[in-house]
Each structure stands twice: as structure tokens, then as C-alpha cells.
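Engineer: Got a structure for you, questions after.
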Amino acid sequence: MTEENLKKIKRSTLKLEEQLIELKKDLSEIIRKIEKQENRFFTLEEIESFHYYPPERRLKTPQEQLSCLRKYFPTLQFETEIPAKLPELAEGWLILPKFSRISRSYNRALALTLEFLTKERPNFLNGREGELGEDYLRLNDHTKEVITKLEKTTEGDFLVLPIQLGKRHLGRSSRRAKVLFDSKEFGLGPLEIAIFLLTHPEWLTNEDDLGIDCVGGEYGPYKHARFKNILCFYFLKGRLHFNDRWGGCPDERFGAATGFLPKSFKLT
């Protein structure tokens, strides 16, 4: 190959590199505009709220949660490591038994956990009892993908999830909350929150307490395949309630509960 041909190839390569740089800039600008536009979705479904958790409330340590969970799941083994640092937006760690170690489906694992909750909290009212099968409840696609991959890639029978319990999305409908999720954020489903309430009996014991929207799940109350509702936990008139409500309804008494993935975690 002549020196002139080598120079031509070099010039062509440099030109392609410049074009690629410009293309990346254009794509970044398009993504930025799309994200900005998405953040305007459901803007009317967000209202001001002054509900809160009492300042003394805290998430228990992973060791405290495990001690409690062994009462219900004595044969499960904890083998995974607890990361040294919480993600910026998280409030604490949730120790969660893999649903596949509890029962053959997410729905049946939830039903069993709610039975435990009924025994532990006599004031618990399951407003959806008998209506939690797959005809009624499913995980949304994103949460399902996250939970499935975590179950496959985590050693032992438990998951360790950094979570927040609603303050971050206070007063937002579940639809509004979802479009404002951080890139590594995902909605928690009703099983995750039921497990949390088993290990944290002091939560949701007062009508001022912030209700918890389980936005990782989608609920269809009439088995009509239109999963427009979400399930939620809240305290009202002396009782802990578990029920559903429309996913497009903002409420000052509720916030969406979410988990956070490590930066290294990749989904397909």
C-alpha cells in the first residue's frame, strides 16, 4: 500500500471519528429532550402533602430483620453480603426472602405472608382477601425483570434491597412517580411491603402515618385484564388496611415505595 493511500485512509478514519462524535452529541440531545418531555407526564397528578413518618421511626438493621424473619422462614439461609454504603436516595436496607423460596409464585408467596401479618397484627384488614391470584395481580414489567434477575444472581435465600418507603414520592400518583424514577429505581410490590411490615410492627400504627403505595404491582379488581390499580397499605380508624386504589390518583396520605439498584447492575 502506497503512502498516499495510507494518508487517505487516515483522513477517512478521522472524518468518521468526527461524525461519530457529532452523532453521539445529537443522540444525547434527543435523549435529554425526551426525558424532559416525559417528566411532564401526569403533572396534575401531584399534590402537596404534610404527612410524614415520626422522626423516631427507622428501618431496622439487616441483622434485626433477619432475626425476625427466621420466625417465619426458619429453613432459609442468608448468604449474600450487605454493601457498605446505602445509595443516596435510600432510607435503609430491606431483607427480603426470595419469593421462589417461599412458594411457587409471587402471588402465593404474598398470600402466605399476609397470613403471617394477620396473625401478628389482629387489627389487620385484608380488603383483597381471595382476590390476589394472577387474574388480579401481576408485577409490572420493570419490577418483574429486576426481581427475577436479583433472584438468579444473588446467593442464598434472601435479597438485600436499599429502599425508601414513600417520602420521595409523597403526594404523587403511581403513574407520576414512575416517570420520575431515577435510572436505577424500581417500584416495590405488595410482597416486599408485607415483609417489611412483618419485620417493622411499629410502622403504620397511626392515622398520621404515610400510607405506602406498592407501585411495583399492577392490580385489576374485577378480573377484566385492565390492570389500572395499585395495592397499598395504610392505617385508618384503628386498623391496618390492605386494599387497592386507582393508579392515576394522587393522595396526600400516600407515597410510592421504591428500591434502588447498584450502578453496576445491568438489565437486558
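Engineer: In what sequence, highest mean first, do 110-119, 165-174 appear when ranked by Cβ atoms within 10 angstrom? It would help to have the intermediate numbers written out before the result.
Structural biologist: Numbers: 110-119: 18.5, 165-174: 23.5.
Going by the mean number of other Cβ atoms within 10 Å, highest first, we get 165-174, 110-119.
Engineer: Oh, and also: Once you order the gyration tensor axes a ≥ b ≥ c over the Cα atoms, which shape class does the range 73-155 get: rounded for a/c under 1.5, otherwise prolate or oblate by comparing a/b with b/c? Walk me through the numbers before you get to the answer.
Structural biologist: Values: a/c = 1.66, a/b = 1.45, b/c = 1.15.
Note, shape of the range 73-155 comes out prolate.
Engineer: Among Q19, G133, I82, whose Cα projects farthest towards the positive end of the dipole of the chain, with charges put on the beta-carbon of Lys, Arg (+1) and Asp, Glu (-1)?
Structural biologist: Selected residue: Q19.
Engineer: Rounding to the nearest 20 debye, state how big the charge dipole of the chain is about its Cα centre with +1 on each Lys and Arg Cβ and -1 on each Asp and Glu Cβ.
Structural biologist: 520 debye
Engineer: Something else about it: Using the count of nearby Cβ atoms within 10 Å as a rough guide to exposure, how do K184, K178, K10 rank from fewest to most? Let's see the in-between values first.
Structural biologist: Working: K184 17, K178 23, K10 10.
With the fewest neighbours first, K184, K178, K10 line up as K10, K184, K178.
Engineer: Now, a different point. Expressed in nm to one decimal, what extension gain is obtained for the pair K149 and S100 from 0.36 nm per residue of sequence separation less their Cα-Cα distance? Can you show the working numbers first?
Structural biologist: Numbers: separation 49, 0.36 × 49 = 17.64 nm, distance 1.22 nm.
Between K149 and S100, full extension yields 16.4 nm more.
Engineer: Still on this model: Amide H of L139: which non-local residues (sequence gap of 5 or more, or other chain) have their own amide H closer than 5 Å, using H built in the peptide plane?
Structural biologist: So L139 has HN proximity to E218.
Engineer: Expressed as an acute angle from 0 to 90° and rounded to the nearest 10, what is the orientation of the C-alpha long axis of helix 106-120 relative to the principal long axis of the chain?
Structural biologist: 40 degrees
Engineer: What does the charge add up to near G216, with Lys and Arg as +1, Asp and Glu as -1, over the other residues with Cβ less than 9 Å from its Cβ? If you can, show how the numbers build up before the last one.
Structural biologist: On the way: positive: K144; negative: E192, E218.
Net charge around G216: -1.
Engineer: Something else: For the pairs K85/K263; K167/K263; K98/K184; K149/K266; K25/K184, flag any whose C-alpha to C-alpha distance is greater than 18 Å.
Structural biologist: On the way: K85/K263 13 Å; K167/K263 22 Å; K98/K184 20 Å; K149/K266 9 Å; K25/K184 23 Å.
Correct reply: K167/K263; K98/K184; K25/K184.
Engineer: How far is it, in nm, from the label point at Q63 to the one at E22 when both lie 7 Å from their Cα along the line to the Cβ?
Structural biologist: The two pseudo-label positions are separated by 6.1 nm.
Engineer: Work out the charge dipole of the range 62-260 with +1 on the Cβ of Lys and Arg and -1 on the Cβ of Asp and Glu about the Cα centre, then indicate which of H142, I212, F116 is farthest towards its positive end.
Structural biologist: H142
Engineer: Between W246 and R11, 0.36 nm times their residue separation minus their Cα-Cα distance comes to what? Don't jump to the answer; show the numbers that get you there.
Structural biologist: Details: separation 235, 0.36 × 235 = 84.60 nm, distance 5.98 nm.
Fully extending the segment from W246 to R11 adds 78.6 nm.
Engineer: So, one more: Any idea what the dipole of the range 83-224 comes to, in debye rounded to 20, about its Cα centre with Lys/Arg Cβ at +1 and Asp/Glu Cβ at -1?
Structural biologist: For the range 83-224, the charge dipole is close to 380 debye.
Engineer: Report the charge-dipole magnitude of the range 128-179 in Debye, nearest 20, computed about the Cα centre from +1 at each Lys and Arg Cβ and -1 at each Asp and Glu Cβ.
Structural biologist: Result for the range 128-179 is approximately 600 debye, rounded to the nearest 20.
Engineer: Convert each backbone phi in the range 171-186 into a coupling constant with the Karplus relation 6.51 cos²θ - 1.76 cosθ + 1.60 (shift: θ = phi - 60°), then list the ³J(HN,Hα) values in order as whole Hz, x for Gly and Pro.
Structural biologist: x, 9, 5, 5, 5, 5, 4, 5, 6, 9, 4, 5, 4, 10, 9, 9
Engineer: Moving to a separate point now. Just the number, please: percent antiparallel of the DSSP beta bridges in the chain, rounded to the nearest 5.
Structural biologist: Working: 27 of 34 bridges.
Counting only bridges with both partners in the chain, antiparallel ones make up about 80 percent.
Engineer: Calculate for the chain the 222 nm mean residue ellipticity that helices alone would give, adding -39,500 (n - 2.57) per DSSP H run of length 4 or more and normalising by residue count, nearest 500 deg cm²/dmol. Before the final figure, lay out the partial values.
Structural biologist: Numbers: 7 runs with 92 residues, N = 268.
Mean residue ellipticity at 222 nm (helix-derived): -11000 deg cm²/dmol.
Engineer: Determine, for E134, E120, the number of other Cβ atoms within 10 Å of each Cβ, and report the residues in order from fewest to most. Walk me through the numbers on the way to the answer.
Structural biologist: Details: E134 11, E120 14.
Neighbour counts put them in this order, fewest first: E134, E120.
Engineer: Putting +1 on Lys and Arg Cβ atoms and -1 on Asp and Glu Cβ atoms, find which of F186, S264, F254 reaches farthest to the positive end of the dipole of the chain.
Structural biologist: With unit charges placed on the Cβ atoms, the residue in question is S264.
Engineer: If the cut-off is a Cα-Cα distance under 17 Å, which lysines reach K24, setting aside same-chain residues fewer than 8 apart in sequence?
Structural biologist: Partners found: K15, K33.
Engineer: Can you classify the range 189-268 as rounded, prolate or oblate using the Cα gyration tensor, where a ≥ b ≥ c are the square roots of its eigenvalues, rounded means a/c under 1.5, and otherwise it's prolate if a/b beats b/c and oblate if not? Numbers along the way, then the final one.
Structural biologist: On the way: a/c = 1.94, a/b = 1.17, b/c = 1.66.
Verdict is oblate for the range 189-268.
Any read-out appearing in this document is the output of simple, stated calculations on the displayed coordinates, not a laboratory observation. Values in this document were obtained by computation on a predicted structure and should not be read as measured data. Note: ideal-geometry Cβ built from the backbone for every residue, glycine included; neighbour counts use all protein chains shown.
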